[in-house]
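So the structure is just underneath, and the comments pick up after that.
Read-outs: derived from the displayed coordinates by stated rules, not from any lab. Given the structure is predicted, the values throughout are model-derived calculations rather than measurements. All Cβ positions, even for glycine, are placed from backbone atoms using ideal geometry, and neighbour counts span all protein chains on display.
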Amino acid sequence: MPLYEHVMIARQDLSNAQAEGLVEHFSTVLADNGGKVVDSEYWGVKTMAYKINKNRKGHYAFLKTDAPSDAVQEMERLMRLHDDVMRVLTIKVKEHDEGPSIQMQKKDERDNRRERRDR
C-alpha cells in the first residue's frame, strides 16, 4: 500500500486531550477503510505565520500512514468537514523516516549544518 504523511492543524481553543482525540478519531476512520497509522506525533500548540479563521495559533499533529488512496481520501474529506480542523496537508512518500520527525528532535540534534565559510 502507498505511504503517506499528514499534518493537521486544529483550533487553538481545544484542550490537548481533545486535539489528541481528533488524531485518534481520524486514525479509526483510516483503519475502518483498510489503512493503518504507522506513527503519530502531537506537536503541541504553535504560532502560525498568518491567521486562519481568526486564529493565530493551532494544535499541530503529524501522522504517518500506510493506506489505500480511497481510505486517505475519505479521511481527508472528513477532516475538511470537521469544525475543529483548520488545515490538512497530505504528502505521498516513498518510505517513512525512522525516529522522530524534525519538529520533535532537539535543536542540538537537528543543527548539523555546516559552518559558513568566508567568501
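If the condition is being over 14 Å from the mean Cα position of the chain (by Cα), surrounded by fewer than 15 Cβ atoms within 10 Å (Cβ to Cβ) and of a type in the set (D, E, K, R), then the stretch 81-95 contributes Asp83, Lys94, Glu95.
Residues in the stretch 23-56 that are among the polar types (S, T, N, Q) and in a loop (DSSP other than H, G, I, E, B): how many? Break it down into steps so the answer makes sense when it comes.
Let us first name the residues in the stretch 23-56 that are among the polar types (S, T, N, Q), namely 27-28, 33, 40, 47, 53, 55.
Those left that are additionally in a loop (DSSP other than H, G, I, E, B): 33, 53.
Going through the stretch 23-56 one residue at a time, the tally reaches 2.
Return the total of residues in the stretch 65-87 being among the polar types (S, T, N, Q) and out of contact with any His (no Cβ under 9 Å at 6 or more places or on another chain). First the steps, then the outcome.
Within the stretch 65-87, the subset among the polar types (S, T, N, Q) is 65, 69, 73.
Filter once more, keeping what is out of contact with any His (no Cβ under 9 Å at 6 or more places or on another chain): 69, 73.
Going through the stretch 65-87 one residue at a time, the tally reaches 2.
Please verify whether the stretch 60-71 includes one or more residues that are crowded, with 17+ Cβ neighbours inside 10 Å and not in a strand (DSSP E or B). If you could, list the steps in order and put the result at the bottom.
Initial filter on the stretch 60-71 (crowded, with 17+ Cβ neighbours inside 10 Å): 60-65, 67, 71.
When the remaining residues are screened for being not in a strand (DSSP E or B), the result is 67, 71.
Scanning the stretch 60-71 turns up at least one residue that is crowded, with 17+ Cβ neighbours inside 10 Å and not in a strand (DSSP E or B).
Just wondering, is there one or more residues in the stretch 13-22 that are in a helix (DSSP H, G or I) and either at positive phi or in contact with a His (Cβ under 7 Å, 6 or more places away or on another chain) (or both)? Yes; the residues of the stretch 13-22 include at least one that is in a helix (DSSP H, G or I) and either at positive phi or in contact with a His (Cβ under 7 Å, 6 or more places away or on another chain) (or both). Just so you know, in the stretch 14-31 the residues that are free of Cβ contacts under 8 Å to residues at least 12 places away in the same chain and farther than 23 Å from Lys94 by Cα include one that is surrounded by the fewest Cβ atoms within 10 Å (Cβ to Cβ), and it is Ala17.
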